[in-house]
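I have placed the structure first, in the form of structure tokens, so that the comments after it can refer back to it.
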Amino acid sequence: MKETDVTSQDTPKRAARVRNRRGEGGRLREDIVDAAAALLDETGDERTITLRSVARKIGIAAPSIYPHFPDQPAIMLAVVRREFAALEAHLRTAVDEAGDDPRDRLYALCRAYLGYAQDHPARYRTMFGGLWMPTLGDSSLTEEELTTLGATALQFLAEALADCVAAGQSTATDPQLDAVTLWVCLHGLAHQHAATRIFPWPQESVADAIITRVAELNDV
């Protein structure tokens, strides 16, 4: 999936970029990821992120990307990994600020997840298997790299639910399975909020209903 057919017509469009000093190759790698994320924010479409478009964004020749990323999916994986790290930090902060009650912490985590999806729609969609996701064997990415995305965030959810069970606030019998089920429901709700312009949402919070019922929380 390498883009080697770089034409000379791209050259005049690139802004001049100061060459990195020795030992600053890592900075260029970060610049590449920053540029890809910026293009995603600007267009909302990961198909616009190519080696050429990223190179133009930061003012380098496209072949300069290859020492850092072998192809476009590798760049996208770096963008998605960084975004999952940001999501995980966001969830951790929400849980820490919720106090010590397990039920409050679970609600805070779920609401923070939905809030993140609402605040970063393009990145959120891309994180969960957007158009960038390649068929295995068609890029440099491995199955493990793709299947482990989001594992830490899901584990946060499983641990929060397990804490509710331990505190007698939930009757869930399989916190790991129920956490996956809860995530699927939250993900579906986030998608519907992003995709549906007109929908007769009930006055009761759908998010709270999902959390209470899927997590099997006891009435308090």
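The values are calculated or read from the model by the stated rules, or taken from the named source; none is laboratory data. Just so you know, these numbers come straight off a predicted model, no measurement behind them. Cβ coordinates were reconstructed from backbone atoms using ideal geometry, including for glycine residues, and neighbour counts include every protein chain displayed.
Descriptive notes on the structure:
- Residue satisfying condition, being in the same structural domain as residue 92 (by TED's automatic domain parsing) and touching a Ser or Thr at 6+ places or on another chain (Cβ under 9 Å), within set 158, 151, 122, 167: 122
- Where residue 101 falls short, out of the listed (1) assigned by TED's automatic domain parsing to the domain that holds residue 186; (2) in contact with a helix residue (DSSP H, G or I) (Cβ under 8 Å, 6 or more places away or on another chain); (3) not aromatic (Phe, Trp, Tyr): (2)
Each row is one residue, and each column tells you yes or no for (1) under 22 Å from residue 123 (Cα atoms); (2) without any contact (Cβ under 8 Å) to a residue 60 or more places away in the chain.
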site: 184; (1), (2): yes, yes
site: 190; (1), (2): yes, no
site: 196; (1), (2): yes, yes
site: 202; (1), (2): no, yes
site: 209; (1), (2): no, yes
site: 212; (1), (2): no, yes
site: 219; (1), (2): no, yes
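- Single match in 61, 98, 55, 74 (criterion: hydrophobic (A, V, I, L, M, F, W, C) and under 20 Å from the mean Cα position of the chain (by Cα)): 74
- Residue within the stretch 107-125 that is over 18 Å from the mean Cα position of the chain (by Cα) and modelled with pLDDT of 95 or more present: yes
- Some residue of the stretch 155-172 being within 28 Å of residue 122 (Cβ to Cβ), among the hydrophobic types (A, V, I, L, M, F, W, C) and surrounded by fewer than 18 Cβ atoms within 10 Å (Cβ to Cβ): no
Here is a yes/no grid of residues against (1) buried (at least 20 other Cβ atoms within 10 Å of the Cβ); (2) within 29 Å of residue 164 (Cα to Cα):
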position	(1), (2)
77	yes, no
101	no, yes
110	yes, yes
118	no, yes
123	yes, no
129	no, no
140	no, no
144	no, no
147	no, yes
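- Against the test of being buried (at least 20 other Cβ atoms within 10 Å of the Cβ), out of contact with any strand residue (DSSP E or B) (no Cβ under 8 Å at 6 or more places or on another chain), within 30 Å of residue 206 (Cα to Cα) and not β-branched (Val, Ile, Thr), the options 86, 94 yield a single qualifying residue, 94.
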